[in-house]
Amino acid sequence: MRTSAIAGIVAALIVILGIIQIVRPVGRPTIAVSVPRTARVSGPTPQLPWPNGVQAEVAVAGIGHSRQHGPAGPRPIGSMAKMMTAYLVLKAHPLGLYANGPSLTATAQDAALYQEDANTSQSVYPVKAGERLSERTLLEALLVPSGNNIATMLAQWVGGSVSRFTAAMNQAAHALGLTETHYHGPVGLNPQTDSTAADQLRLAMILMKNPVFRNIVAMPQMPVLGESRVTYNYNSLLGHDHIIGVKTGSTTDSGGCVVLARQLTLGSHTLTEYAAVVGQPATRAEPSQLTASLLDAEALVNSLGHDIQLRTAVPQGTTVATLNVPWQHAVPLTTARAIKFMAWPGLRYTLHVVVHTPATSTIAANTVVGSLTARLGSQVVTVPIKTAAPIVAPSLAYRLLRG
């Protein structure tokens, strides 16, 4: 009798424990992400025509840039310094796209400076005492014929003196992250005004976001105020092969220097390519160091343009994460669509997975449970991720036998 009672109690306990096992929550699937945080666009690295022994870098706005090619460290940059001069002028006196801005009256000192610079064969823009020149005209004279005298006039106007303006140039370089750029005046003649191809390319890309600057540096020539002649841009490629800017520099110390911009249309995409070349000497094939640098930069943007296309970074159906389900095989989470970028091979992009753990113990195949976001330059693409198989309800045997 006593044995029977004990057996009954044991049986009851087994039933109770079984019921507890059955009704006890089975837990939720856990997530295991299987894609890296960063990856590179697949394909052979572009073989660009880098100039020998010369600093150079290429970039495409909104996409990315190459590593700087050639020797490291700052080099004299000549009149490319005037990009920073223009940057500070436009920052102090923002100019509407079709506005002329305030005007300056040229002094006898300004006229004398023009004559002095002209007599020493510098790049200049004619200035007469008493003549009124608008901000736009002064910026055009700074950037088209690369007037050294105009750079000095603008520095005195904006900074109060050349020395204070130069200090502001260096402060701006630091603020913009141009860590290898140093200015010793607004003109660029001083060989201690130096920088790198990478820094100058970065500054040019910042400036080209300003429509006034962008319009001016695309001008192959400009009229001389009060005269029936024009003065020409040192960038002889403007208007050819979709070249739209930006600035040259050439002195005995700097060699040929340029940041070149080219507009590229690929289907519905309009892109701006850049190439910077610093320190190009004259060559046997091209005795003009400036022309040599222009041709080098043109070759770089043309070559890079052939490698840019809409490329698949993450194919449709790629497994990016897994739902580990205790009562069945793991469920892959795959991309519902492909992720594509305008890019060239080798560019790095970032990946970020977001998965929402299912609130129920069952879920159908092809159910969207999260997203994958990829970023390359300013391009951001987000696609859904979905279950590649269903999550079925846990079996009775699993519920009873689980730990």
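Yes/no matrix, rows are residues, columns are (1) within 21 Å of the chain's Cα centre (by Cα); (2) at pLDDT below 95; (3) assigned to a strand (DSSP E or B):
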position: Val58; (1), (2), (3): yes, no, yes
position: Met80; (1), (2), (3): yes, no, no
position: Pro94; (1), (2), (3): no, no, no
position: Tyr98; (1), (2), (3): no, yes, no
position: Tyr114; (1), (2), (3): no, no, no
position: Asp117; (1), (2), (3): no, no, no
position: Ser121; (1), (2), (3): no, yes, no
position: Pro126; (1), (2), (3): no, no, no
position: Glu140; (1), (2), (3): no, no, no
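Give region 334-358 a look and list any residue that's without any contact (Cβ under 8 Å) to a residue 60 or more places away in the chain and either surrounded by 14 or more Cβ atoms within 10 Å (Cβ to Cβ) or among the aliphatic types (A, V, I, L, M) (or both), or say none.
First, pick out the residues of region 334-358 that are without any contact (Cβ under 8 Å) to a residue 60 or more places away in the chain: 334-340, 354, 356.
Within region 334-358, Thr334, Thr335, Ala336, Arg337, Ala338, Ile339, Lys340, Val354 qualify.
For region 287-315, which residues satisfy the criterion of being free of Cβ contacts under 8 Å to residues at least 24 places away in the same chain and more than 27 Å from the chain's Cα centre (by Cα)?
Pro287
If we scan region 96-110, do we find a residue that is assigned by TED's automatic domain parsing to the domain that holds Arg214, β-branched (Val, Ile, Thr), surrounded by fewer than 20 Cβ atoms within 10 Å (Cβ to Cβ) and more than 19 Å from Leu376 (Cβ to Cβ)? Walk me through it before giving the result.
Keep residues of region 96-110 that are assigned by TED's automatic domain parsing to the domain that holds Arg214, which gives 96-110.
Still in the list and also β-branched (Val, Ile, Thr): 105, 107.
Add one more test, that the residue is surrounded by fewer than 20 Cβ atoms within 10 Å (Cβ to Cβ), and what stays is 105, 107.
Add one more test, that the residue is more than 19 Å from Leu376 (Cβ to Cβ), and what stays is 105, 107.
Within region 96-110, one or more residues are assigned by TED's automatic domain parsing to the domain that holds Arg214, β-branched (Val, Ile, Thr), surrounded by fewer than 20 Cβ atoms within 10 Å (Cβ to Cβ) and more than 19 Å from Leu376 (Cβ to Cβ).
Being buried (at least 20 other Cβ atoms within 10 Å of the Cβ), closer than 18 Å to Leu90 by Cα and among the polar types (S, T, N, Q) is the filter here, so list the residues in region 190-229 that pass it.
Gln200
Take the conditions surrounded by fewer than 19 Cβ atoms within 10 Å (Cβ to Cβ), of a type in the set (D, E, K, R) and touching a helix residue (DSSP H, G or I) at 6+ places or on another chain (Cβ under 6 Å) and apply them to Glu180. Does it pass? Step through it out loud before you land on a result.
Values: surrounded by fewer than 19 Cβ atoms within 10 Å (Cβ to Cβ): yes; of a type in the set (D, E, K, R): yes; touching a helix residue (DSSP H, G or I) at 6+ places or on another chain (Cβ under 6 Å): yes.
Yes.
Quick one: Pro25 ticks every box in (1) in a helix (DSSP H, G or I); (2) modelled with pLDDT under 65 except a single one, so which number is it?
Among (1) in a helix (DSSP H, G or I); (2) modelled with pLDDT under 65, the lone unmet condition for Pro25 is (1).
Within region 111-130, how many residues are touching a residue at least 60 places away in the same chain (Cβ under 8 Å) and either surrounded by 17 or more Cβ atoms within 10 Å (Cβ to Cβ) or among the polar types (S, T, N, Q) (or both)?
First pass over region 111-130, keeping only residues touching a residue at least 60 places away in the same chain (Cβ under 8 Å): 122-123, 125-126, 128.
Imposing the further condition that a residue be either surrounded by 17 or more Cβ atoms within 10 Å (Cβ to Cβ) or among the polar types (S, T, N, Q) (or both) reduces the set to 122-123, 125-126.
Residues in region 111-130 being touching a residue at least 60 places away in the same chain (Cβ under 8 Å) and either surrounded by 17 or more Cβ atoms within 10 Å (Cβ to Cβ) or among the polar types (S, T, N, Q) (or both): 4 in total.
Please determine, by comparing only the residues of region 320-333 that are farther than 30 Å from Ser66 by Cα and β-branched (Val, Ile, Thr), which one is surrounded by the fewest Cβ atoms within 10 Å (Cβ to Cβ).
So the first thing to find is which residues in region 320-333 are farther than 30 Å from Ser66 by Cα, and the list is 321-333.
Now drop any that are not β-branched (Val, Ile, Thr), which leaves 322, 325, 331.
Values: Thr322: 18, Val325: 21, Val331: 22.
The qualifying residue surrounded by the fewest Cβ atoms within 10 Å (Cβ to Cβ) is Thr322.
I need the full set of residues from region 223-282 which are under 24 Å from the mean Cα position of the chain (by Cα), among the hydroxyl-bearing types (Ser, Thr, Tyr) and within 18 Å of Lys82 (Cβ to Cβ), in order please.
Thr248, Tyr274
Can you pull out the residues in region 146-192 that are within 30 Å of the chain's Cα centre (by Cα) and either of a type in the set (Phe, Trp, Tyr) or not assigned by TED's automatic domain parsing to the domain that holds Met83 (or both)?
Correct list: Phe165, Tyr183.
Which one of these is surrounded by 16 or more Cβ atoms within 10 Å (Cβ to Cβ), of a type outside the set (S, T, N, Q), at pLDDT below 95 and in contact with a Gly (Cβ under 8 Å, 6 or more places away or on another chain): Leu260, Leu264?
Leu264
The values are calculated or read from the model by the stated rules, or taken from the named source; none is laboratory data. The structure presented is a predicted model; accordingly, all values stated were derived computationally and were not measured. No Cβ is skipped: glycine too gets one built from the backbone with ideal geometry, and neighbour counts run over all protein chains shown.
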